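The values are calculated or read from the model by the stated rules, or taken from the named source; none is laboratory data. All values derive from a computational prediction rather than experimental measurement. When we count neighbours, we look across all protein chains shown, and the Cβ atoms used for this are built from the backbone with ideal geometry, even at glycine. In case anyone asks, the SASA skips ligands and DNA or RNA and just uses the protein heavy atoms, side chains included. Shrake-Rupley method; radii C 1.70, N 1.55, O 1.52, S 1.80 Å.
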Amino acid sequence: MYGLVWRWHFFAGIIFAPIIALLAISGGIYLFKTQIENQLYEHLYQVSAVGSSTLSLTEQSNRVKEAFPDAQISAVTVSDDPKQSTRFSATVNKAASTVFVDPYKGSIIGTQKSDETFMAIIKKLHSQFVVGGDVANRLVELTACWTLILLISGLYLWWPRNRADIWGTILPRLRGTNKRTFWRDVHAVPAFWLSLLIALIIMGGLPWSGVLGNQISNFAAATNTSTPPFANNFMAKPLSNAPVTKDVAENVPWAAENIPVPYSTAGQSTALALEDIITVAQLKRVAPPYTISMPKGEKGVYTLSVSASNPVNNVTMHIDQYSGHVLSDVRFTDYGATAKYISLGIAFHEGHLFGWPNQLLGLIACLGLLLIVISAYTMWLKRKPGGKLGAPPKAKNPKLVRNLGIIIIVLGIIMPLVGISIIIVFLLDRFVLTRIPALKSWYM
C-alpha cells in the first residue's frame, strides 16, 4: 500500500508542483493587496487636502459625466476615511474603469482600467493564469484539489510509525545526514506541520471554483443552509426569471451572489438620488465603507453591499429606486450554517479574517509550499537514475490496487475534475505509454 500511494504521490507531485508554486507566489502577493495598492496608487486613493465639507454624490457623479460624456456609471464606493477619494465604477471609452473624484473639490483625480491594475493581474494569474477562460480556471481548481490529495497522501507516507521516525517527520535530522536525507527532511517536516493550515487555505478558495464551487452552492441550497432568498422584505417577490445579485451589483459577498433581485415598483417619474440611498443606509445602521450599485432599467433597484474583511459585517440590501423601500436586507445573521462557514473560510483564504496575523499565516503557508516544491524536485533529481523518470514501481497486488481505486473513485465523486484527470491518466497508462517502448522504459 505504501508503494502504491507513493507512486500516485510521485506522479501528482511531478505534474502539479510547478503550478502549485505559481499559485503560492501569486497568492502570497495577493495577501497584501491593500498595503500594496495603497502604496502604488496613493496619488489616486488619497486627496491632496481635506476640506470642511464634501460635495454630494450626485454632484460628484455629474462631474464624472462632464469629464467623460459617454461614461456609464455602474456603482460608487463610499469610504469611511475623510482622506480618501470617491471611487466611481464606470465604462470609460468602452473599458471598465474606476474614476477617482476629490469629494471636496469635485475634481477628477484620475482614472484606472479595472483589469490593468497590478493586483487585478495578480488575481487573474492566481485564478486563471492571466490567459483567462474556463480551461485555465478548471486547471487551477484541479491543482487545488490534487494539492489536498498530495497533503493527505504525504501524511500517510511520512507519518511516524515508531519513535525513531519522529526524526525526519516531526523534527529535522540536523547531524550526520547526507544531502539526500537533508532534502528529504526539508520536504517532509514543513509539510507535516503546515498540512492543516495549507488545507484550510485551499478549502477557503474552492467556493470560487467553477465546478466544485457550483457543487458547494447547490449543496447549500439543497440543505437550506445557504442564504434565504429574502430577509425583511417589504415588497413583492421577484419574477421567476429575475437576475441574481452578482449580475447587477459590485462588491457582493459570496453568500449573497445568487440571491434573486426584486424589482422596483414603477409609477413614479423620478428615481431617488444617491444621497437618499445613503439616508436609507444610515436608517438601517449600515456604516461605510460600502458600495452602491446603480439600478439597471426602470424596474431595477439600488443595491447597497458590504463585503467586509470580517464577514460578520456583510450586508446585501436591495432598495426600490423610487420609494426607497428596502426590498431585501440580508446580513451575516441571515446566512445558513454552510454559508457562514464558507464566508469565514473565504476571508481566511484571502488573509483578512483577523488582520495581519491572518496575512502572516497565509504568507507562511505560501512560503512553506514553495519550500516543499523546491525540496521535492531537488530530492527527485538526486535519486532518479540517468535517462529515466525514476518513478516508484507499480504495485502488483490486485487487492491493493482495487482498494486504492475505490478511494480514488470516491475522491473523484467529491471532486469531479480529479475523477476526470484520473480517467485520462489511466487511459494514457493503459493504451499509450505502455505501448511505446522508449517511453515505457523511461517512465516505468
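A few comments on the model shown:
- Checking GLN35 against (1) open to solvent by 20 Å² or more (accessible area, probe 1.4 Å); (2) outside any helix (DSSP H, G or I), the condition it does not meet: (2)
- Within the range 64-93, residues that are more than 17 Å from MET294 (Cα to Cα) and at pLDDT below 95 have Cβ atoms under 9 Å from residues that are charged (D, E, K, R) and part of a loop (DSSP other than H, G, I, E, B) in these pairs: ASN93/ASP70, counting only partners at least 6 apart in sequence or on another chain.
- Residue in the range 18-26 that is farther than 16 Å from TRP146 by Cα and either surrounded by fewer than 14 Cβ atoms within 10 Å (Cβ to Cβ) or of a type outside the set (A, V, I, L, M, F, W, C) (or both) present: yes
- Residues considered: PHE100, PHE129. Of these, the only one that is hydrophobic (A, V, I, L, M, F, W, C), within 15 Å of the chain's Cα centre (by Cα), closer than 28 Å to ALA249 by Cα and open to solvent by less than 60 Å² (accessible area, probe 1.4 Å) is PHE129.
- Pick from the range 147-165, criterion of a type in the set (S, T, N, Q) and part of a helix (DSSP H, G or I), ranking: surrounded by the fewest Cβ atoms within 10 Å (Cβ to Cβ): SER153
- A single member of LEU433, LEU439 is modelled with pLDDT under 80, open to solvent by less than 50 Å² (accessible area, probe 1.4 Å) and either more than 35 Å from the chain's Cα centre (by Cα) or among the acidic types (Asp, Glu) (or both), and it is LEU433.
- Selection status of ASN310, modelled with pLDDT under 90, within 22 Å of the chain's Cα centre (by Cα) and open to solvent by 50 Å² or more (accessible area, probe 1.4 Å): no
- Test: residue in the range 232-249 that is modelled with pLDDT of 90 or more, open to solvent by 40 Å² or more (accessible area, probe 1.4 Å) and among the basic types (Lys, Arg): yes
- Test: residue in the range 194-206 that is on the phi > 0 side of the Ramachandran plot and either modelled with pLDDT of 90 or more or out of contact with any Leu (no Cβ under 9 Å at 6 or more places or on another chain) (or both): no
- Restricting ILE409, ILE413, ILE420, ILE342 to residues that are touching a residue at least 60 places away in the same chain (Cβ under 8 Å) and assigned to a helix (DSSP H, G or I) narrows the list to ILE342.
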